[in-house]
Amino acid sequence: MRLETIENIPPVKCKSVMDKINYFFDWMEVVPKYKNIFVIANSSKVRSEHIVTGSQDLLIVFNYFKHEIVAQHTGDTVVIRRQFSAQPLFHGHYSPLNREEGRLRYFALSDYYDFVNVDDVKFLDPFDAVFCTDFIPYVSGDKMASSGYTLLYILNHYLQLPIAGPDVHMIGFEFAGLSMHDWEYEKQQAERFIFSKKRIEEEKE
């Protein structure tokens, strides 16, 4: 019996931004049903041979994802594309994956809600869901949340209850990179997340 998760939520075919935002939250409601969640950062240190996933696991990758990591995964996959302005989206370095497998979704992550709350949203058509970084608290001057941190923050929020949820594996997170993000702030906050605490305890053992 296959896990009833992403494949049973039909992709959003409409152009409504609000419907795509609502789809994101609908998806988050099923996230606790996974056995494991692998969040793969855009890092050159990530090695595909070290990542072993199963059919009941969720894989989340970002703009610079390595195709071989997704290709070998048998469960659900979400690809996060970052939006930097009111129109274009950063599509990464790899060709689109096969959507017909039915367990793949493309999400757009916007810097600000105002960027997607516009009349012409044709640039969002290829994306099933939309989420905006300014939906989460980020107390760090004029900096904005990175894609990886945004997803970790949301996962931490949704996995507070139930307590018995999936294990979250943060892979390749170095908390370093573009100056538009406050990496020290994100690292300090991420260390307080429930799955980070669990990981730290395991490392101590």
| task | Provide the FRET efficiency to the nearest 0.05 for the Asp167-Tyr112 pair, computing r from the beta carbons and using R0 = 35 Å. | result | 0.60
| Gain in span if fully extended, Ala71 to Met28, counting 0.36 nm per residue against the direct Cα distance | 13.2 nm
| query | Order of 173-181, 74-82 by packing, highest average Cβ count within 10 Å first? | reply | 74-82, 173-181
| Surface accessible to a 1.4 Å probe, per residue, for the residues of segment 146-192, Å² | 52 Å²
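The values are calculated or read from the model by the stated rules, or taken from the named source; none is laboratory data. This one's a predicted model, so the numbers in the text were calculated from it and none came from an experiment. Glycine also receives a Cβ, built like all others from the backbone with ideal geometry; neighbour counts cover every protein chain displayed. When the accessible area is computed, the model is the full protein with side chains, heavy atoms only, and any ligands, DNA or RNA have been set aside. Shrake-Rupley method; radii C 1.70, N 1.55, O 1.52, S 1.80 Å.
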